[in-house]
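The values are calculated or read from the model by the stated rules, or taken from the named source; none is laboratory data. The structure displayed is predicted, hence computed values, not measured ones. Glycine also receives a Cβ, built like all others from the backbone with ideal geometry; neighbour counts cover every protein chain displayed.
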Amino acid sequence: MRGRLRISISLRRSGSHLSSQDLIKYLTRELVQYVDTPKDERQKRKEARKTQNSSWSYHWFGVIPIAIKLLFQRKTKNRSRRKAT
């Protein structure tokens with residue numbers, strides 16, 4: 001395996017600890033799924049992830065720029081409605 005294997009562990013239990021047996025089962029299942037997937041399909045998924053980039057503002061600053069943008073859009077809509085009535 002040359003590429004990096006991304007492992008995301010979702011905590012299915014209420015606590016923040018998984019038993020070691022559950023972790024081994026999960027890792028084994030993910031590894032087998034990765035190995036069973038053809039190389040060209042893995043490359044297609046990788047390319048799809050690369051092309052599905054988010055905007056740079058969201059990447060660096062999160063949801064705050066989007067919230068500010070929506071706030072300004074609302075203000076301009078409200079102003080135009082006030083002028084129309």
- Message: So, A48, is that one exposed (fewer than 10 other Cβ atoms within 10 Å of the Cβ) and modelled with pLDDT of 85 or more or not?
- Response: yes
- Inspect the range 34-43 for any residue being loosely packed, with under 10 Cβ neighbours inside 10 Å and modelled with pLDDT under 85 and give the result as yes or no. no
